[in-house]
Amino acid sequence: MKEPWTNEMKEQIDDIDIPEERLNRSIEVAIHRGKKERGKFPVNRFLLTASAAVVLFGLFVGSAFVSPAMASMVAKIPYLGKIVVPENGEDIVQEIADELEEKYTIMGMGVSYPEKVIRISVGGDNSYYTKVKSEVERDVKDILKKRHHDAYGVEVNRGREEVMEPTEEEKRNSQEFMTIYNELAKEADKRGISLLQTSVDYGSRELQIEIPSNEDTEEEIKEILDGIVSSHGMDEINVSFKKINMDKRDQDKRWREILTLLQDDLLGKQEYNVRMVGYSVHPEPEIQAFLSISKKDVDAKAFAEELEKAIDEVLQSDKLSSKVKDDDYHINIYSKEDKILN
């Protein structure tokens, strides 16, 4: 993308402070905060992962887009250089979670898509819930208002403690595979074998292992596993491998982080008319924005082109250039009918 913009616009973009910690977080951390050590309660979003793209569902916002005059329409498109990034680098969901856990007994929090509803579960007895319910809702709405995120609804409910004890078989499986994993990781490290990610399917007793595509270590890993199983007198386990292109993996991580930054504002503000955002790195990086505007609208194409320029300017800014690097990328803006407009 090589669309020229004015120096004034470039200065506005470069004045935005985007903390490096935010850009370095992968989207999984933002989506599944329950895995993070600091979390006192889980924060969940729902993400659909496809082989060629990651798409975060949004909401059809408002009614049909009403055609204004061109100048008026362009004025309605918020300049993406003004994207709100708090000083601590947290996205809107984590900012809400941090504030709530400081003041209230919160059992959990989630954001559902496509409804775009932030749901908070309050702990404690019914008396406590009744007392703080309206306060929690008010605090969440205040944070959303401060960030100009008017596309989200808020629901506060009373959470209920449900402690589910694992069965003896589940405990045994968990202990067994934890032993296998720990010993495998230790031996692999000694031999310089890269294990990118390991997961287990208890039902089929299958260990699923990701390794770099340029390394042929499958047989050596199987040999290590056979030794571990034999030494502990365990039942036989199955193993499968997935080879990962490390260059593509790095590229995917960078563009996932870029999307995390962009989607916070694109989905949070109704005036963008964005119902869904996504990205792909196959075969080349691509940012996708799906609008609630029909392709039949007379100004749909012009709106899409202006939005494309705004996104492109952010991607070319000094703040994001370290993530974009020298990648050739595309920006596709889709209509309500999922047809490309730009």
_Rounded if a/c under 1.5, otherwise prolate or oblate - segment 219-342, Cα gyration tensor axes_ = prolate
*What pairs from Lys146/Lys301; Lys190/Lys248; Lys248/Lys309; Lys145/Lys296; Lys141/Lys253; Lys145/Lys248 go past 29 Å between their alpha carbons?*
Lys146/Lys301; Lys145/Lys296; Lys141/Lys253; Lys145/Lys248
*Using a 1.4 Å probe over the heavy atoms of the protein chains, calculate the carbon and sulfur portion of the accessible area of segment 200-342 as a whole percent.*
42
*asked:* Can you give me the long-range amide H partners of Arg275? Hydrogens built in the peptide plane at 1.01 Å from N, cutoff under 5 Å, separation of 5 or more residues or another chain.
replied: Phe290, Leu291, Ser292
*Could you rank the peptides 125-137, 280-292, 244-256 by their average count of other C-beta atoms within 10 Å per residue, with the highest value first?*
280-292, 244-256, 125-137
_I'd like to check one number: the per residue accessible area of segment 273-329, probe 1.4 Å, reported in Å² as a whole number._
37
_Nonlocal amide H pairs with Gly108, under 5 Å, H built at 1.01 Å_ = Ser121
*asked:* I'd like to check one number: the per residue accessible area of segment 91-165, probe 1.4 Å, reported in Å² as a whole number.
replied: 52
*Pop out the ³J(HN,Hα) list for segment 253-260 in order, Karplus 6.51 cos²θ - 1.76 cosθ + 1.60 with θ = phi - 60°, rounded to Hz; leave Gly and Pro as x.*
4, 4, 6, 5, 5, 4, 4, 4
*Answer rounded, prolate or oblate for segment 134-277, using the Cα gyration tensor with square roots of eigenvalues a ≥ b ≥ c: rounded when a/c is under 1.5, else prolate when a/b is larger than b/c, else oblate.*
oblate
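The values are calculated or read from the model by the stated rules, or taken from the named source; none is laboratory data. Model, not experiment: these values are computed from the prediction. With ideal geometry, Cβ positions are generated from the backbone for all residues, glycine too; neighbour counts draw on all protein chains shown. These accessible areas exclude ligands, DNA and RNA; they are computed on the full protein's heavy atoms, side chains included. Shrake-Rupley method; radii C 1.70, N 1.55, O 1.52, S 1.80 Å.
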